[in-house]
Amino acid sequence: MASLITCPHCGSRPKEEFSIRGDALPQRPAAHAPDEAWHAYVYLRDNVKGVIFEHWHHVGGCRRYLVVERDNVSHDVLSVTDAARFRRAAASGQDGVVAAGKDLA
């Protein structure tokens, strides 16, 4: 049986309907930020083992961007949140979102 991801808009769907877009935690620097900040944002990534947050695009369904909390060792999906809601919560400090890769409740 195919792996399923529960889209908050469409319900449980096969993972083949989604496209992984990359790490969801890096914060884009301000336009006037120094070159070093832009270099770090574009090129430097941690390759952690364990629970990660990724942007996924539901290309075969609602076409929304989602943030998937996933264990990259076991491939278990722990949570799925709409990307806009995730960013709003991270920016305001609500819903247990802690900036820079810490816990999402």
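What you get for region 1-63, charging only the Cβ of Lys and Arg (+1) and of Asp and Glu (-1), is a dipole of about 240 debye around the Cα centre.
Considering the chain as a Gaussian network with a 10 Å cut-off on Cα pairs, which listed residue, A33, A83, A91, attains the greatest mean-square fluctuation? Checking each option, the largest mean-square fluctuation is seen for A33. Take the Cα of L4, step 7 Å toward its Cβ, do the same at D46, and the gap between the two points is 3.2 nm. Here the chain is treated with +1 on each Lys and Arg Cβ and -1 on each Asp and Glu Cβ, and its dipole about the Cα centre works out to around 300 debye. A 1.4 Å probe run over the protein chains yields, for the chain, 67 Å² of accessible area per residue, whole-number rounding. To the nearest 10, the accessible area of S3 is 60 Å² with a 1.4 Å probe. Zone of N72 (label point 7 Å along Cα→Cβ, backbone N under 11 Å): which residues in region 11-41? Flagged as within label range: 22-24. Lacking any other cysteine beta-carbon closer than 4.7 Å, the following Cys residues of the chain have no compatible partner: C62. Here is how the number arises for the chain: DSSP H runs of 4 or more residues each give -39500 (n - 2.57), the sum is divided by the residue count, and the result at 222 nm is -5000 deg cm²/dmol. Overall, the accessible surface of the chain at a probe of 1.4 angstrom is composed of carbon and sulfur to the extent of 51 percent. Free of any trypsin sites (Lys or Arg not before Pro) that DSSP assigns to a loop and that have at most 16 other C-beta atoms within 10 Å, the longest stretch within the chain is 1-44.
The values are calculated or read from the model by the stated rules, or taken from the named source; none is laboratory data. None of these values were measured; they are calculated from a predicted model. So basically every Cβ, Gly included, is an ideal-geometry build from the backbone, and we count neighbours across all protein chains shown. Just the protein is used for accessible areas: all its heavy atoms, side chains included, with ligands, DNA and RNA removed. Shrake-Rupley method; radii C 1.70, N 1.55, O 1.52, S 1.80 Å.
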